[in-house]
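Engineer: Just dropping this structure here.
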Amino acid sequence: MSPVRLLRAGDVGVIEIDNPPVNATSRAVRQGLFDTIRQARAEPGIKAVVIAGVGRTFTAGGDITEFGQPPREPHLPDVLAEIEASDKPVVAAWHGTALGGGCEIGLAAHARIIAQGCSVGLPEVKLGLVPGAGGTQRLPRLVGAVAALDMITTGRMVGADEALRLGLVERIAAGDLRDEAIAFAREHIGGTVPRVSLRQVQLPPASEWQTATDKVRREAKGRIAPLKAIELVEASMALPFEEGQPIERRAFLELMASDQSQALRHLFLAEREASKLPELAGVSPREIGRVGVIGGGTMGSGIVVAFLDAGYQVMLLEASEAALTAGCERIGGLYQRSLRSGRISEAVRDERLSRLETALDLAALSSCDLVVEAVFEEMQVKLDLLTRLGAVLPAETLIATNTSYLDIEAMADILPAPERFLGLHFFSPAHVMKLLEIVRGWRTSPQALASAFAVGRKLRKIAVVSGVCDGFIGNRILAKFRAQCEFMLEEGALPQEVDAAMEAFGMAMGPFAVQDLAGLDIAWARRKRLAANRSAAQRDVPLIERPCAKDRFGQKAGRGG
């Protein structure tokens, strides 16, 4: 059966896309859309058309499994040309997500209605691509060149209210989307069919356009697709659609064959495969509603914010009133930064902080479903804490360590019910960085592991399972990279010069800025721990020990290296 079907609602034809799980615009979907729009155009009883998605989304875009393969007809630009050419009004009914090709289908329609909670966007840049079915040519004609450039080069999604404000949609559904879309389509019967491709792009002031393009170039950092998007949006401003669209298509196919896009597509698929553990099939995670975090330092405060942002009830525990006050101030400071940047409102901040409790007594954590320790990175400190935790927590409470390097098997040895223990290794800043290493001990139960992955999904992290080894995965890689940077210091480079080179290469932060943020004490503790087993052949860099010997551990100490 075709994943696309044509239904009738009186004089309105409803084209349904039904290709679970995300209604990707596979070849079968493209063929189905092409056939059904032609059928609807040919039937005298159909006066208008609605295109809608079945299930939880309109369409999340192209079928990535087809990327890199020879293009197969019908191509999406041809399907969209058929939609836009209809002499009967076509309304796109967006719900869930309308991304990539899903957004472009709507741009080719004659009008758009969106459900509250829907997100729409052109995220191709995240895969090293640009839209390839007219998105760079139609979107500027609908929302203006500057807004279109922002959406295309960031790949960000916009919600219903912003979509209406930008002019991306004409209406937000107040009730049932399907019913309102049908009524909206009927309003267009007998009127002029508006085609986006025939509009002229409203040219922005030269200074505004220069500011927008400068921002893209500054943030591209070696990426090709955002720079290509500038050229394509400028083409939409200078050329008619029928000339600009083939230029876009050529750029899309060229980028599809590029090393950058192939690498980013590999990463996209790998991130999704990382959480698919066959041994967890059929294993139900434990329900986690209340989380305890021990330690309100740089890492602990970030972990608290990550859990608050995800909707959890959180209890922060510290060893003293002074430490607790300092931890709460750090948490407040993180939210203040989000306020200043406009990422959240005061109401959102206040709601999240209302779910934060504090305590000084370990026994207060007994009501938590999950407890994460984020205390100082020394084994004896952690063993002492876990011994006391094992005595006060119920046997079913999940316990996690945020250790960066230490042996979690040795920690599990001192716990009753070690099967509920594992590592949840966040990366600094914990509320921002996407990677979450889930460290599985040999006694960690399938349910504990499944629960950790469920937590990772709710935190919107990329959760990756690791075995027990020094530094796990991320820090083992980082240690090798950091060593080369330290060798450069010894050979005469300044930290800021190394950072500048790495940031010019494309990194968000240089390696020494990262260490200053995370704390120099973590790597220092590891070096001391491994010193006894250090090979004589391993190159030593004595100068990196000097700041640590003077307690200059970076931002957490208020004293840099």
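A short reminder: the numbers here are calculations on the coordinates, not readings from a lab. Worth saying up front: this structure is predicted, and the values here are computed from it rather than measured. Heads up, the Cβs are rebuilt from the backbone with ideal geometry, glycines too, and the neighbour counts pull from every protein chain shown.
Engineer: Need one word for the range 477-549: rounded, prolate or oblate. Basis is the Cα gyration tensor (sqrt eigenvalues a ≥ b ≥ c); a/c below 1.5 gives rounded, then a/b vs b/c decides.
Structural biologist: Because a/c hits 1.5 or more and a/b exceeds b/c, the range 477-549 counts as prolate.
Engineer: Near A235, within a Cβ-to-Cβ distance under 14 Å, what is the net charge of the other residues, with Lys and Arg +1 and Asp and Glu -1?
Structural biologist: For residues surrounding A235, the net value is 0.
Engineer: Within 13 Å, Cβ to Cβ, of L142, how many net charges do the neighbouring residues add up to if Lys/Arg are +1 and Asp/Glu are -1?
Structural biologist: My count for the surroundings of L142 gives +3.
Engineer: Rounding to the nearest 10 and keeping the result within 0 to 90°, find how far the Cα-based axis of helix 379-392 lies from the longest principal axis of the chain.
Structural biologist: Computed tilt is about 80 degrees.
Engineer: Let me ask you something else. Return the label of the correct value of Cα Rg over 2.2 N^0.38 Å, as calculated from the structure shown, out of (i) 1.11; (ii) 0.96; (iii) 1.01.
Structural biologist: The value matching this structure is (i).
Engineer: Take Y405, Y312 and order them by how many other Cβ atoms sit within 10 Å, fewest up front.
Structural biologist: Least to most surrounded, the residues fall as Y405, Y312.
Engineer: Sort W524, W94 by Cβ crowding within 10 Å, fewest neighbours at the top.
Structural biologist: With the sparsest Cβ surroundings first, the list reads W524, W94.
Engineer: Follow-up question, since we're still on this one. Where Lys and Arg each count +1 and Asp and Glu each count -1, what net charge lies around L436 among other residues with Cβ under 12 Å from its Cβ?
Structural biologist: +3
Engineer: If you don't mind, there's one more thing I want to ask. Name the shape class, rounded, prolate or oblate, that the alpha-carbon gyration tensor gives for the range 7-70, where a ≥ b ≥ c are the square roots of its eigenvalues, rounded holds for a/c under 1.5, and otherwise prolate holds if a/b is larger than b/c and oblate otherwise.
Structural biologist: oblate
Engineer: In addition: Taking Cα pairs under 8 Å and at least six residues apart, what relative contact order does the range 98-176 come out at, in percent?
Structural biologist: Once divided by the residue count of the range 98-176, the mean separation gives 40 percent.
Engineer: Within straight cross-link reach of K88, meaning Cα distance under 15 Å, which aspartates and glutamates are found once same-chain residues fewer than 8 apart are removed?
Structural biologist: Straight-distance partners of K88: D11, E43, E187.
Engineer: Taking the 0 to 90 degree range and rounding to the nearest ten, how far is the long axis of helix 206-220 tilted relative to the main principal axis of the chain, both from C-alpha atoms?
Structural biologist: Helix 206-220 and the main axis of the chain meet at about 50 degrees.
Engineer: Sorting K221, K126, K382, K480 on the 10 Å Cβ count, fewest up front, what's the list?
Structural biologist: With the fewest neighbours first, K221, K126, K382, K480 line up as K480, K221, K126, K382.
Engineer: Relative to the longest principal axis of the chain, what angle (0 to 90°, nearest 10) does the C-alpha long axis of helix 241-256 take?
Structural biologist: The angle comes out at about 30 degrees.
Engineer: Explain nothing, just the number: relative contact order of the chain, from Cα pairs under 8 Å at least 6 residues apart, as a whole percent.
Structural biologist: So the answer I get is 9 percent.
Engineer: Cross-link partners among lysines for K556, C-alpha distance below 26 Å, same-chain residues fewer than 8 apart left out?
Structural biologist: Qualifying lysines at Cα under 26 Å: K382, K434, K461, K480, K528.
Engineer: Rounded to the nearest 20 debye, what is the charge dipole size of the range 278-465 about its Cα centre when +1 sits on each Lys and Arg Cβ and -1 on each Asp and Glu Cβ?
Structural biologist: With Lys and Arg at +1 and Asp and Glu at -1, about 780 debye.
Engineer: Taking R0 as 51 Å, what FRET efficiency do you get between E409 and L7 from their Cβ-Cβ distance, rounded to the nearest 0.05?
Structural biologist: 0.30
Engineer: So, one more: Can you pull out the trypsin sites (Lys or Arg not before Pro) in the range 234-288 that DSSP calls coil and that have at most 11 other Cβ atoms within 10 Å?
Structural biologist: K276
Engineer: Here is a follow-up. Which whole-number percent is the relative contact order of the range 278-465 (Cα, under 8 Å, 6+ apart)?
Structural biologist: About 25 percent, as a whole number.
Engineer: Between the range 96-122 and the range 177-254, what is the C-alpha centre distance in whole Å?
Structural biologist: 14
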